[in-house]
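Everything below concerns the one structure shown next.
The values are calculated or read from the model by the stated rules, or taken from the named source; none is laboratory data. This one's a predicted model, so the numbers in the text were calculated from it and none came from an experiment. Cβ: placed from backbone, ideal geometry, glycine included. Neighbour counts: every protein chain shown. Just so you know, the surface numbers come from the protein's heavy atoms only, side chains and all, with ligands and any DNA or RNA stripped out. Shrake-Rupley method; radii C 1.70, N 1.55, O 1.52, S 1.80 Å.
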Amino acid sequence: MSESQRHKELADFLKTRRLRLTPQAAGLPFRAGSRRTKGLRREEVAALSGVSLAWYTYLEQGRPIRVSEQVLESIARTLQLDVEERNYMFVLANQLLTATAVPEENRVPPSLQFMMDEMESCPAYLIDNRCNIIAWNRLACEIFGNFPEMNDLERNLVWRTFMVPEYRRLFGDWETIAKRLLAQFRIYFAKNMNDQWYNEMVGKLKQNSPEFAEWWQQHEVFGIPAGKKEIFHSKAGLLSFIYHSFSLVEQQEWILTTFIPDPKTDTGEKLKKFIVS
C-alpha cells in the first residue's frame, strides 16, 4: 500500500473515533441546542490535544504530514482510545516497527503439530498473520471443516467466515464473531499495508460481502480473542466451547487457538463420537 493510502486509513480511523465520542464524555461543558456533528468537532479534538485546528484538519484529510509520538499520545488520550486502538493508530502513522515479512513457506515444526494432535479432546488450529489456517488437529477438521481438502482461499479464516455459508451457519452469534475477526484482521492489515496480498484480499471481501464492506469502514480493532462460542454442528448438535488464543514466542505472528469443551455442558460427551479411532 502506498503512503497516500496509509494516510487515508489514518484519516478515516481518526474521524470514526472522533464521531463516536460525545462532548460530555470528553469532559466538555454541556450546551443546549443542536449540533450538526454527532460527536466531537475537529476544533474540539485539536484544542483538547494541544494542536492547531489547521494541523489536525490536515491529519483528518489524509495529507502527508509528519506526526510525532507525543502528539499521537495526546490524540489517543483525547479520543479515549483503548490499547488496541492506540497501537493501531501508531502503526498507521508509521510510529511502530513494521511487521516481519511473511515467510515464503509456513513450515510448522513437527513438535507443534504433535502437540495439537495430542489435544485429541479439544479442536485446535494455527493461523498465520494473514489469518490462513496453516495447521490443525483431527477434531478441528470434524468440527470446522475438512481443511486438507480446501484450497488456500477456503482455508483463510476471514474469507471462510464471511464467504462460506456452511461455516456461517455453525455459529449462534455469527455477527459478533465475524466483527471481532474483522477487527483482529484490521490490525494485521495495518502492520502489512505494503503487502499486496492484504489489499487484494480486502478488495475481494468488500466486493463479495456486504457485511465486510460495511464493517470495514468502521475501523474497529480488536486483539487476540478469548471467550465462549456456541456451534451448531450438523452431526453433534449444539456444542459449547471456551476458547483461548496464544501467540507463539518463537513465531509471534502465528496464533494457536484451542477450543475447550464447556464443562457445564454435555459438549465433551458429544465429542467422544469423533475421538474414537
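What the table below lists for this structure:
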{"item": "The lone exception for THR176 - which of (1) without any contact (Cβ under 8 Å) to a residue 60 or more places away in the chain; (2) over 13 Å from the mean Cα position of the chain (by Cα) it fails", "result": "(2)"}
{"item": "Residues of the range 140-154 classified as in contact (Cβ under 8 Å) with a residue 12 or more places away in the chain and in contact with a Phe, Trp or Tyr (Cβ under 6 Å, 6 or more places away or on another chain), total", "result": "3"}
{"item": "Which numbered condition PHE232 fails, given (1) touching a helix residue (DSSP H, G or I) at 6+ places or on another chain (Cβ under 8 Å); (2) open to solvent by 20 Å² or more (accessible area, probe 1.4 Å)", "result": "(1)"}
{"item": "Lone qualifier among ARG160, ARG138 - being open to solvent by less than 30 Å² (accessible area, probe 1.4 Å), at pLDDT 90 or above and of a type outside the set (Ser, Thr, Tyr)", "result": "ARG160"}
{"item": "Spans of strands (runs of 3 or more DSSP E) in the range 194-275 with at least 1 residues in contact (Cβ under 8 Å) with a residue 40 or more places away in the chain and polar (S, T, N, Q)", "result": "255-261"}
{"item": "Filtered residues of the range 223-277 (kept if small (Gly, Ala, Ser) and more than 17 Å from CYS131 (Cβ to Cβ))", "result": "GLY227, SER234, ALA236, GLY237, SER240, GLY268, SER277"}
